[in-house]
Amino acid sequence: MQYRTFGRTGWKVSEIGYGMWGLAAWTGSDEKEIEASLDAAVDLGCNFFDTAWAYSSGKSEKILGGLLRRHPQSRLYTATKIPPKNFIWPSKRDFTLDDCFPPEHIIEYTEKSLKNIGVETIDLQQFHVWEDGWVDDERWQKAVSKLKEEGKIRAVGVSVNRWEPDNCLKTLKTGLIDSVQVIYNIFDQAPEDSLFPLCEELNIAVIARVPFDEGTLTGAITKDTKFPEDDWRSSYFVPENLESSVEHVQKIRAFVPAGMTIAEMALRFILCNKTISTTIPGMRKLNHLKSNIGTSDGKDLPPDLLAELKKHRWDRQPTSWSQ
Ligand SMILES: NC(=O)c1ccc[n+]([C@@H]2O[C@H](COP(=O)([O-])OP(=O)(O)OC[C@H]3O[C@@H](n4cnc5c(N)ncnc54)[C@H](OP(=O)(O)O)[C@@H]3O)[C@@H](O)[C@H]2O)c1
């Protein structure tokens, strides 16, 4: 496993982190398999775990707590998120700070997360939606500063809404934000335009989330794929999205090098970008975990392949189904 510096915190985090949404909140999760995958991740050097209160009302956070207790000798970095008070993802331009993050809510949900994870300090507390229009409201600023002073959190991050990477730029300039979590993958390259240069300038850590575009960039999703009704992907992969995503993946299949999978190529694409501090694939199956961690070998994709993949940038706009 290769390690990268997590912005100004100075933490040395594994460049392959662990996305903990699916294991608690998607259908088809097997408890024993998840535990084995998490334990194997630690054994293989993964030390950054991204969860959220919203991943099944604290269930994912409790699973992270169990992992910490099984590996007391390992320094594992805990990242979680405060849900918006109105529980609506993503936020909209006309939502106010009072709708989403009034100060007492920031404190209340940090306390809940501390309890769920079973720690005295959370390494990284993130806002689970964000609007740059809230930047000047001192109430969120005071709330996170208080949590830091009290030793309840070490760092603060913003998790930006899907396909809105620039909806946090003013906020990053407050100097209060240590990290940003953003969708970045072969399709979603827009964060390279403005967000990444600013993060470089301000030494803000970048967490690249959704490396496989929620699964399409593994090649496993086809136009016939159907998700159970109680799985959020059934409302995300509506026909319009499913069909165009599968067609976009089809266009990159021809470039996958011999002996490599699409998933491996997708992760290596992200790791080639040195602004990224860590990427956090969701992975429940042990074979996925092992192959994903296997990409952290310090070897970049060949420059001509990287240049080809850059052409597959796909800029999308938030819609009624994009969530
Ligand atoms: N608003 C936010 O802040 C927000 C939103 C979305 C996600 N996130 C974070 O980002 C993390 C990652 O995103 P995600 O989990 O939504 O999507 P993702 O990482 O793009 O895709 C996860 C899917 O890829 C599959 N997979 C993983 N490795 C694979 C491999 N080597 N070969 C084939 N398939 C593979 C997983 O299967 P298995 O699970 O069956 O192994 C799962 O179905 C989340 O877990 C969460 O921590 C945050």
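The values are calculated or read from the model by the stated rules, or taken from the named source; none is laboratory data. Keep in mind the model is a prediction, meaning the values are calculated, not measured. Cβ: placed from backbone, ideal geometry, glycine included. Neighbour counts: every protein chain shown. Accessible surface is based on the protein model in full, side chains and every heavy atom, while ligands, DNA and RNA are left aside. Shrake-Rupley method; radii C 1.70, N 1.55, O 1.52, S 1.80 Å.
What to note about this one:
- Under the Debye formula (equal points on every Cα, no solvent term), log10 I(q)/I(0) of region 233-275 at q = 0.15, 0.24, 0.27 Å⁻¹: -0.51, -0.87, -0.91
- Heavy-atom accessible surface of Arg154, to the nearest 10 Å², is about 120 Å², with a 1.4 Å probe and all protein chains retained.
- For the residue pairs Lys226/Lys311; Lys62/Lys85; Lys251/Lys285; Lys12/Lys112; Lys226/Lys310; Lys12/Lys310, the C-alpha atoms sit more than 23 angstrom apart in Lys226/Lys311; Lys251/Lys285; Lys12/Lys112; Lys226/Lys310; Lys12/Lys310.
- In region 158-284, a dipole from Cβ-located charges (positive for Lys and Arg, negative for Asp and Glu) runs towards its positive end, and of Ser245, Thr278, Ile183 it is Thr278 whose Cα lies farthest in that direction.
- Per residue, in Å², the accessible surface of the chain once ligands and nucleic acids are set aside, probe 1.4 Å: 42
- Long-range tail of P(r) for region 96-141 (Cα pairs > 15 Å, %): 45
- Taking one quarter of the surface of the C-alpha convex hull of region 183-323 gives a mean projected area of 9.2 nm².
- Straight-line cross-link partners of Lys299 among the aspartates and glutamates, defined as a Cα under 17 Å from its Cα and at least 8 positions apart when in the same chain: Glu15, Glu264.
- Spherically averaged projected area of the convex hull of Cα atoms, region 194-251: 5.5 nm².
- Within straight-line cross-link reach of Lys81, aspartates and glutamates at Cα separation under 13 Å, skipping those fewer than 8 residues along the same chain: Asp50, Glu61, Glu108, Glu111, Asp123
- Pairs of alpha carbons in region 1-155 whose separation is greater than 28 Å (percent): 21
- Rel. contact order, % - alpha carbon contacts under 8 angstrom, at least six apart, region 159-249: 23
- Selection of trypsin sites (Lys or Arg not before Pro), region 59-130, meeting DSSP coil and at most 10 other Cβ within 10 Å: Arg75, Arg93
- Between His312 and Asp231, the contour length at 0.36 nm per residue exceeds the Cα-Cα span by 26.3 nm.
- According to the Cα-based calculation, Rg over Rh for region 5-64 is 1.01, with Rh computed by the Kirkwood formula.
- Kirkwood Rh, Cα atoms: Rg over Rh of the chain: 0.93
- Residue range of the chain that is longest and free of chymotrypsin sites (Phe, Trp or Tyr not before Pro) which are both DSSP loop and sparsely packed (at most 14 other C-beta within 10 Å): 88-320
- A crude spin-label estimate for the pair Leu176 and Asp99, with each label 7 Å from Cα along the Cβ direction, gives 2.0 nm.
- For Thr261, solvent-accessible area (1.4 Å; no DNA, RNA or ligand), Å²: 80
- For region 118-174, taking Cα atoms only, Rg and Dmax work out to 12.1, 34 Å respectively.
- Cα-centre dipole for the chain with unit charges at Cβ (Lys and Arg positive, Asp and Glu negative), debye to 20: 660
- Base-10 log of normalised Debye intensity for region 146-220 (one unit scatterer per alpha-carbon) at q = 0.23 Å⁻¹: -1.00
- Whole-Å distance, taken between Cα centres, linking region 1-47 and region 270-323: 15
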